[in-house]
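Chemist: Can you read through this structure? Questions will come right after.
The values are calculated or read from the model by the stated rules, or taken from the named source; none is laboratory data. Keep in mind that this is a model prediction, so the values were computed, not measured. Reconstructed Cβ throughout: ideal geometry from the backbone, glycine too, with neighbour counts over all protein chains shown.
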């Protein structure tokens, strides 16, 4: 692995005159020691990264106030700081702790009981215990300083890394905490209820990789409890297993419990990785012994699920190792150019986790097609598999946090994503080319006929034995010339005959044309091996494989054992056709190669004297299924004649030798006269008699064989006749079956047409449902009414975006109970009201207020389906803040107007165009000695007895004011004689005004009494 250059390497390379001698203790100054030194045993202390953004300062202060100064831990604070400003954070934190708090200097070594704060406008990383400052490469809006540091911390400190996330906006830190978890570190999060901004804590909790969730003031105690456990001081795993076998047995029991509950077998995973994951769970439950943890798993099935998820930690991101994807794109281009039009590019990505890598492959292929020929139409089919059902569900949705901006460039974000509530969702055309499925490479059959197999960072978690079994399977699944992409820490060592390396660094290889050996395939424990072995080429392959194994190994051992149990002389093993499969001992005296291009057949190779005897013995042995022995068989040799015993024994066991026979040649003592009979000239008569006897014996044997053959032929003829009749009957049945098959074919074609028609209907319905869903979404969004749909269990089914102002919900919260979320309402009876609606099937309406002062009209109704079935409840929140504000203003205006009316001493009233009273003050009502409510709406004639107010002069003046064309805007001092209660007839002076609003007539006039005089005659004299 190449170490990245340091930002201050030139200065560090120069010797420091003031540095202490090599054996002197190292001084830790403001800048610390130089960063080139490797981490030693003394440097192995936990390093705690504290990350947060908006509102995190209060959490930092509470944390350090409760953290002792001699904890032995080092603390690095990563926060979002504005560039170009002085960093006051170290001074603020120094007031909360007695530990030294300082801003990070480039190259500074981390020491325990120290607090280091990231400076503004810098990215911070850790290498061999030294803090390195780098200039940011991302624009300010896309920088993720917490993720950047946590990734380097996880790789450098591994199990000593601790990640704590506090209040903040966005999801900066989520990717980094996964890396910490992957490297066996520990993750803590401030509880969202105590955070000023809970977006970051909730995003962290959404990963399900968090060990502890506590308020900021309780985090230090739990952290110290974790790091001081004796489990961290446990001796090495090898020593423990050597000392006692209990952990190994406990591990097998844990595997059994996981397999029983989840169906997945982890026994082929690397032991060290599995042990570390189990120890993390034990540590979180404060369990020290493996046997106790096994008992805990038995009593708590939910812990088995948690351990299963712990073992399935999927740390991935988009375009992980971007250089590898660029290399893959270059090597894919020739393949894409040679693909026929309308063909399909098949890709398999096992271990896809939450889908980032599968979608990265899809984007790479789409970009590759554009670079080859935009008009070239090729189908893309990517199979993305994993054993984590939750990860598969999340991958199918394709919704990812805004932090992916650090891994995906703006061009890809614009082309392949669309933004949704602060998240990024994969566009539908990209999601359609990826098929996500549950699949276990350890037991399920692979996807075949692939053009690309991308298995990155999965093999590193599997045992060497399972890796050796998987790579031949990968070779079998790929097309000739297809590509295999592994992770940078994986390799194809031992399988160079199956793959040709194209790039050693990024582990890109091409499949060779070498055939995958059947034993490798059959050695793998899944049903595919059986399917493969039962295919059309299986018989030939198994036979070839069987013959190959007979060349040595088990077959030779079995034959030799059979010979040792029965005979020691030279022998051969043949089949029914006489083909020699195995030779033991020196058989040259009895067998010799036949002329021509014949094979290894015993009947062709037997010497002339042995031919008929050997043929008859083998024939009888196969017919009678018992051993046949022929004595005193004479064979001519170079030294004369030799008598031998010929033994032919059928082999019934073991099973691998069934159907074969063992032919043994055993020499017997031969008299001298027989051995040298041909060389003795004095015995021609005896020789002639012997030859005649031999010929007679052979003739008798031939007659016997001929008779037997005739009988067999007659019997075979009868059998053939019977078989012919059976075949004729079978032929008739086959013809009938063929007719039925043709009928079934027609029915199947008809059924297929019906299915196609039904499929088209389903497609049409799907499109209609999609359009209806789009219309419903746009309708709900256009209403801007916060709506929550719940099922019978009060679990969230759907909600509209405005709900986020009332209840902090995210798209991933669908399927969770509403009671798990804290709302911003000053109302405690929400859940009780929803339950009441479900119980009584009556709606509830009320006005509620949020903690921010907003007011909503809440309405809870039963959720009724089209067939009038109640399947939950619907909660709507209509924003009535502006209406309530307007209502309050109107009430205030009304009170103000009433105050003004009551304060006016002159009687005043207004009339509409029908001269009906619409408004009057208290003085006017007192003048008429009536209550104001009685006068409202009364006509001018009804104000007094005998219509004393309805006089022509007053009516004419008022109507002139109501007529805009008259040009009159008011009158003053109009005398009128009226009858007033308890005063009698009086003369009053009136004035009138046209009422206008913003310069426009209102259709109303104001009438006021400026003076009430005496009796009319008296007032007339006064005038």
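Chemist: Hey, does the stretch 675-690 have a residue that's surrounded by 10 or more Cβ atoms within 10 Å (Cβ to Cβ), modelled with pLDDT of 70 or more and not assigned by TED's automatic domain parsing to the domain that holds residue 611?
Modeler: For the stretch 675-690, residues surrounded by 10 or more Cβ atoms within 10 Å (Cβ to Cβ), modelled with pLDDT of 70 or more and not assigned by TED's automatic domain parsing to the domain that holds residue 611: present.
Chemist: Please give the number of the condition residue 834 fails out of (1) at pLDDT below 85; (2) surrounded by 15 or more Cβ atoms within 10 Å (Cβ to Cβ).
Modeler: (1)
Chemist: Now a separate question. What's the total number of residues in the stretch 64-86 that are crowded, with 17+ Cβ neighbours inside 10 Å and under 18 Å from residue 110 (Cβ atoms)?
Modeler: Qualifying residue count for the region: 10.
Chemist: Do we find a residue being in the same structural domain as residue 82 (by TED's automatic domain parsing), under 20 Å from residue 226 (Cα atoms) and outside any helix (DSSP H, G or I) anywhere in the stretch 115-130?
Modeler: yes
Chemist: While we're on this one: So residue 474 passes all but one of these: (1) within 23 Å of residue 316 (Cα to Cα); (2) part of a helix (DSSP H, G or I); (3) in contact with a helix residue (DSSP H, G or I) (Cβ under 9 Å, 6 or more places away or on another chain). Which condition number does it fail?
Modeler: Result: residue 474 fails condition (3) only.
Chemist: Could you grab the pairs with beta carbons closer than 7 Å, sequence gap of 6+ or different chains, first residue in the stretch 769-780 and closer than 21 Å to residue 802 by Cα, second one surrounded by 10 or more Cβ atoms within 10 Å (Cβ to Cβ)?
Modeler: Short answer, once both residue conditions are applied: 780/787; 780/800.
Chemist: Next question. Checking residue 106 against (1) touching a residue at least 40 places away in the same chain (Cβ under 8 Å); (2) surrounded by 18 or more Cβ atoms within 10 Å (Cβ to Cβ); (3) not in a loop (DSSP other than H, G, I, E, B): exactly one of these is not met. Which one?
Modeler: (3)
Chemist: Another one. Tell me the residue from 153, 127, 133, 169 that is surrounded by 24 or more Cβ atoms within 10 Å (Cβ to Cβ) and at negative phi, please.
Modeler: Of 153, 127, 133, 169, the one residue that is surrounded by 24 or more Cβ atoms within 10 Å (Cβ to Cβ) and at negative phi is 153.
Chemist: Right, another one. Quick one: which of 780, 706 is assigned to a helix (DSSP H, G or I), surrounded by 10 or more Cβ atoms within 10 Å (Cβ to Cβ), within 60 Å of the chain's Cα centre (by Cα) and at pLDDT below 85?
Modeler: Going through 780, 706 in turn, the sole match is 780.
Chemist: I need the full set of residues from the stretch 937-956 which are loosely packed, with under 14 Cβ neighbours inside 10 Å and in a loop (DSSP other than H, G, I, E, B), in order please.
Modeler: The answer is 937, and nothing else.
Chemist: Residues 657, 646, 720: which one is at pLDDT 85 or above and surrounded by 13 or more Cβ atoms within 10 Å (Cβ to Cβ)?
Modeler: Going through 657, 646, 720 in turn, the sole match is 646.
Chemist: Continuing with the same structure: Would you list the helices (runs of 4 or more DSSP H) that sit entirely within the stretch 300-395 and hold 3 or more residues that are loosely packed, with under 15 Cβ neighbours inside 10 Å?
Modeler: Those helices (runs of 4 or more DSSP H) span 301-311, 322-338.
Chemist: For the list (1) within 19 Å of the chain's Cα centre (by Cα); (2) free of Cβ contacts under 8 Å to residues at least 60 places away in the same chain; (3) buried (at least 17 other Cβ atoms within 10 Å of the Cβ); (4) closer than 30 Å to residue 139 by Cα, I need the number of the one condition that residue 430 fails.
Modeler: Looking at each condition in turn, residue 430 falls short on (2).
Chemist: Any residue that is closer than 30 Å to residue 402 by Cα, assigned to a helix (DSSP H, G or I) and touching a strand residue (DSSP E or B) at 6+ places or on another chain (Cβ under 6 Å) - is there at least one of those in the stretch 826-835?
Modeler: Checked against the condition, which is being closer than 30 Å to residue 402 by Cα, assigned to a helix (DSSP H, G or I) and touching a strand residue (DSSP E or B) at 6+ places or on another chain (Cβ under 6 Å), the stretch 826-835 yields no hits at all.
Yes/no per residue for (1) within 30 Å of residue 787 (Cα to Cα); (2) in a strand (DSSP E or B); (3) touching a helix residue (DSSP H, G or I) at 6+ places or on another chain (Cβ under 6 Å):
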residue: 853; (1), (2), (3): yes, no, no
residue: 858; (1), (2), (3): yes, yes, no
residue: 861; (1), (2), (3): yes, yes, no
residue: 867; (1), (2), (3): yes, no, no
residue: 882; (1), (2), (3): yes, no, no
residue: 888; (1), (2), (3): yes, no, no
residue: 893; (1), (2), (3): no, no, no
residue: 896; (1), (2), (3): no, no, no
residue: 925; (1), (2), (3): no, no, yes
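Chemist: If a residue must be within 35 Å of the chain's Cα centre (by Cα) and modelled with pLDDT under 90, how many such residues does the stretch 114-129 contain?
Modeler: 6
For every residue, the table says whether it meets (1) touching a helix residue (DSSP H, G or I) at 6+ places or on another chain (Cβ under 9 Å); (2) closer than 21 Å to residue 927 by Cα; (3) modelled with pLDDT of 85 or more; (4) not in a strand (DSSP E or B).
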| residue | (1), (2), (3), (4) |
| --- | --- |
| 958 | yes, yes, yes, yes |
| 961 | no, no, yes, yes |
| 972 | no, yes, yes, no |
| 988 | yes, yes, yes, no |
| 993 | yes, yes, yes, no |
| 1005 | yes, yes, yes, no |
| 1008 | yes, yes, yes, no |
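Chemist: Going by what's in this entry, would residue 307 be described as in contact with a strand residue (DSSP E or B) (Cβ under 9 Å, 6 or more places away or on another chain), farther than 30 Å from residue 371 by Cβ and at pLDDT below 85?
Modeler: Taking the combined requirement at face value, the residue does not satisfy it.
Chemist: Quick check, is residue 286 more than 23 Å from residue 462 (Cβ to Cβ) and part of a loop (DSSP other than H, G, I, E, B)?
Modeler: Yes: the conditions hold for residue 286.
Chemist: Pick from 339, 329: which is farther than 18 Å from residue 273 by Cα and either free of Cβ contacts under 8 Å to residues at least 24 places away in the same chain or in contact with a strand residue (DSSP E or B) (Cβ under 9 Å, 6 or more places away or on another chain) (or both)?
Modeler: 339
Chemist: With within 20 Å of residue 1013 (Cβ to Cβ), out of contact with any strand residue (DSSP E or B) (no Cβ under 7 Å at 6 or more places or on another chain), in contact (Cβ under 8 Å) with a residue 12 or more places away in the chain and in the same structural domain as residue 1012 (by TED's automatic domain parsing) as the only criterion, which of 927, 954, 943 stands out?
Modeler: 943
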